[in-house]
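Enquirer: Below are the structure tokens for one structure; questions will follow.
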Amino acid sequence: MQKVPITPQGYRKLQEEFERLLKVERPHNIKAIAEAKAHGDLSENAEYHAAMERQSFIEGRIQELQTKLALAHVIDPSKISQDKAAFGATVKVLDSVTGEEKSFMLVGPDEADAKNGKISISSPVGKSLIGKLAGDTVTIQAPAKTIEYEILEIIFE
């Protein structure tokens, strides 16, 4: 399997969720299952069925996080050449059509969160920004339209 790039903060976030599920959520839910079982007839016990469904979710998420953590390749953006857009950089752009300024942080697929301005380096926008310099113009072929951005600034935090 191929390693997946992730920032140190993203890795910590996955680890924290994994630990919380393992040490807090799972034991709490096991108690909830035991309490629901104590109420008797399981066929009509909504609490039991809800707890079992929650247990299934918790176990699935634990396995998913184990895989993500095992495949993670932690990249510290401060150790990357900072003269052009790269993994971990925040890239400020100007939409050539609308005149709107936007900021995108270039992250790995497990950290991508478009609503919060974090885009995957494997997304069309991410791919087009990687390796570019401030002042460059990039054209992105999106499914609905073509987007053109001028890169205003590249920031590494």
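Coordinate-derived values only; no laboratory data. All figures in this text were calculated on a predicted structure; none of them were measured in a lab. Virtual Cβ from ideal backbone geometry, glycine too; neighbours counted across all protein chains shown.
Enquirer: List the residues, sorted by chain then number, that are 5 or more residues from Val4 or on another chain and whose placed amide H is less than 5 Å from its amide H.
Expert: Excluding prolines and chain starts, which carry no amide H, the hits are Ala72, His73.
Enquirer: Can you classify the stretch 1-75 as rounded, prolate or oblate using the Cα gyration tensor, where a ≥ b ≥ c are the square roots of its eigenvalues, rounded means a/c under 1.5, and otherwise it's prolate if a/b beats b/c and oblate if not? Each step should come with its number before you reach the end.
Expert: Numbers: a/c = 5.03, a/b = 2.97, b/c = 1.69.
It comes out prolate by the Cα gyration axes.
Enquirer: Compute the signed sum of charges (Lys and Arg +1, Asp and Glu -1) over the other residues within less than 15 Å, Cβ to Cβ, of Ser96.
Expert: Surrounding charge for Ser96 is -2.
Enquirer: May I pose another question? Could you check which residue among Thr137, Thr67, Thr146 shows the biggest mean-square fluctuation in a GNM of the chain with a 10 Å Cα cutoff?
Expert: Greatest mean-square fluctuation among the candidates belongs to Thr146.
Enquirer: If the reach is capped at under 30 angstrom between alpha carbons, list the lysines near Lys127, excluding any in the same chain fewer than eight residues apart.
Expert: Lys3, Lys13, Lys68, Lys79, Lys84, Lys92, Lys102, Lys115, Lys118, Lys145
Enquirer: In whole Å, what is the distance between the alpha-carbon centres of the stretch 1-56 and the stretch 110-157?
Expert: 36 Å
Enquirer: Considering only Val125, Tyr48, Phe18, whose Cα is most displaced toward the positive end of the charge dipole of the chain, charges sitting on Cβ of Lys, Arg (+1) and Asp, Glu (-1)?
Expert: Phe18
Enquirer: How big is the antiparallel share of DSSP beta bridges in the chain, given as a percent to the nearest 5?
Expert: 75 percent
Enquirer: Hey, in the GNM for the chain with a 10 angstrom Cα cutoff, which one of Pro109, Pro27, Pro77 fluctuates hardest?
Expert: Pro27
Enquirer: While we're looking at this one, here's another question. So what's the net charge close to Arg61: Lys and Arg +1, Asp and Glu -1, counting the other residues with Cβ under 11 Å from its Cβ?
Expert: The answer is 0.
Enquirer: Which of the helices in the chain, when you take each full DSSP H run, stretch at least 24 Å along the axis at their Cα atoms and have an average Kyte-Doolittle score of 1.0 or higher?
Expert: Span-like helices here: none at all.
Enquirer: Which shape class, rounded, prolate or oblate, goes with the stretch 1-149 when its Cα gyration tensor gives a ≥ b ≥ c as root eigenvalues, a/c under 1.5 marks rounded, and past that a/b bigger than b/c marks prolate? Let's see the in-between values first.
Expert: Numbers: a/c = 3.86, a/b = 2.36, b/c = 1.64.
Here the stretch 1-149 falls in the prolate category.
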